[in-house]
Amino acid sequence: MSEQHIASAFDRDLEAVQANIMKMGGLVEAAINGAARSLATRDEELALQVRQGDKAIDALEDLINEEAARVIALRAPTAGDLRLVLSVLKVSANLERIGDYSKNIAKRTTVLVEANQIDSSTSALRRMAREVEVMLRDALDAYIQRDAELAADVIERDQDVDQMYNGLFRELLTFMAEDPRSISACMHLHFIGKNIERMGDHVTAIAEQVIYLVTGERPNETRPKADRTSQLS
């Protein structure tokens, strides 16, 4: 088999794997959106769809892992090619975790259906989720386009998500202090907020993989975190 033929076969393998990454990314974006909408509208049917849809996300991660392992075994990639294959594993793992957080939000939605709605907090959570969804879309675009600049912008925007979470945390503390009857609902909303904040962290990890893939180096500076809730509790 000629070197040119081997190279073209390797390229086709990579294209197939990355196509599944984008398919998985689309499912995760839909899961974020569905979880946020089910919370805002108290839609139990939509929440159930999000929970059931997580199985497809998990199945794609398994498939991507198998494909990446096959590429490594058959093609024995080195240097930049190996870095690309390893980045696929990292990206899919982060996507799977974001899907899990979306599923967790959907689970809590079914509990919150019976609770008094705290409109301002629900709106804040919807804004947070929307920001993370857009960040994920940009991170995946950066991955496909090998755009380190766009990836760096995604990393910076995670601070906005952290700030939204800090504001939500303070608001929920105020609600619980003023009306102890809201404690149960507020705790669920807090955990949902924390889930979304952690989604942002996993999107940031994807963006960091893009920078590593493009430059061969990991971001030099420690990623700034704006989550200050540990100092408030």
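Among the residues of segment 41-60, those that are open to solvent by 30 Å² or more (accessible area, probe 1.4 Å), under 18 Å from Ile192 (Cα atoms) and in a helix (DSSP H, G or I) comprise Thr41, Glu44, Leu48, Gln49, Arg51.
Here's a check for you: in segment 72-92, which residue that is farther than 19 Å from Tyr212 by Cβ and part of a helix (DSSP H, G or I) is modelled with the lowest pLDDT?
First, the residues of segment 72-92 that are farther than 19 Å from Tyr212 by Cβ: 73-76.
Applying the additional criterion that residues be part of a helix (DSSP H, G or I) yields 73-75.
Values: Ala73: 88, Leu74: 82, Arg75: 75.
The extreme case among them is Arg75.
A single entry from Ala129, Ala142 fulfils the requirement of being in contact (Cβ under 8 Å) with a residue 60 or more places away in the chain and either more than 20 Å from the chain's Cα centre (by Cα) or closer than 17 Å to Tyr212 by Cβ (or both): Ala142. Quick check: anything in segment 75-90 more than 30 Å from Ile183 (Cβ to Cβ), of a type outside the set (A, V, I, L, M, F, W, C), surrounded by 13 or more Cβ atoms within 10 Å (Cβ to Cβ) and within 19 Å of the chain's Cα centre (by Cα)? Within segment 75-90, one or more residues are more than 30 Å from Ile183 (Cβ to Cβ), of a type outside the set (A, V, I, L, M, F, W, C), surrounded by 13 or more Cβ atoms within 10 Å (Cβ to Cβ) and within 19 Å of the chain's Cα centre (by Cα). Per the listing Val203, Val210, Val134, the residue uniquely without any contact (Cβ under 8 Å) to a residue 60 or more places away in the chain and within 24 Å of Val17 (Cα to Cα) is Val134. The condition of being more than 30 Å from Ser92 (Cβ to Cβ), over 21 Å from the mean Cα position of the chain (by Cα) and in a helix (DSSP H, G or I) holds for only one of Glu171, Glu114, that being Glu171. Taken as a whole, the structure places Ile183 among residues that are assigned to a helix (DSSP H, G or I) and open to solvent by 10 Å² or more (accessible area, probe 1.4 Å). I'm checking my understanding of the structure. Among residues of segment 145-160 that are open to solvent by 50 Å² or more (accessible area, probe 1.4 Å) and of a type outside the set (D, E, K, R), which one is nearest to Glu217 (Cα to Cα)? So the residue we want is Gln145. Pick from Ala35, Ala69, Ala30: which is part of a helix (DSSP H, G or I), in contact with a Ser or Thr (Cβ under 7 Å, 6 or more places away or on another chain) and open to solvent by less than 70 Å² (accessible area, probe 1.4 Å)? Exactly one residue qualifies, and that residue is Ala35.
Within segment 161-180, the set of residues being closer than 29 Å to Arg137 by Cβ and open to solvent by less than 80 Å² (accessible area, probe 1.4 Å) comprises Val161, Asp162, Met164, Tyr165, Asn166, Gly167, Leu168, Phe169, Glu171, Leu172.
Cβ-Cβ distances below 8 Å connect the following pairs, each with a first residue in segment 10-22 that is at pLDDT 85 or above and part of a helix (DSSP H, G or I), a second residue that is surrounded by 11 or more Cβ atoms within 10 Å (Cβ to Cβ) and among the acidic types (Asp, Glu), and a separation of six or more residues or different chains: Ala16/Glu67; Val17/Glu67; Asn20/Glu67.
With respect to the conditions (1) over 23 Å from Asp13 (Cβ atoms); (2) open to solvent by 40 Å² or more (accessible area, probe 1.4 Å), Ala115 falls short on a single one, namely (2).
The values are calculated or read from the model by the stated rules, or taken from the named source; none is laboratory data. These numbers come from a predicted model, not from an experiment. Neighbour counts run over all protein chains shown; Cβ positions are idealised from the backbone, glycine included. For the accessible areas, the whole protein counts, side chains as well, though only heavy atoms, and no ligand, DNA or RNA atoms are used. Shrake-Rupley method; radii C 1.70, N 1.55, O 1.52, S 1.80 Å.
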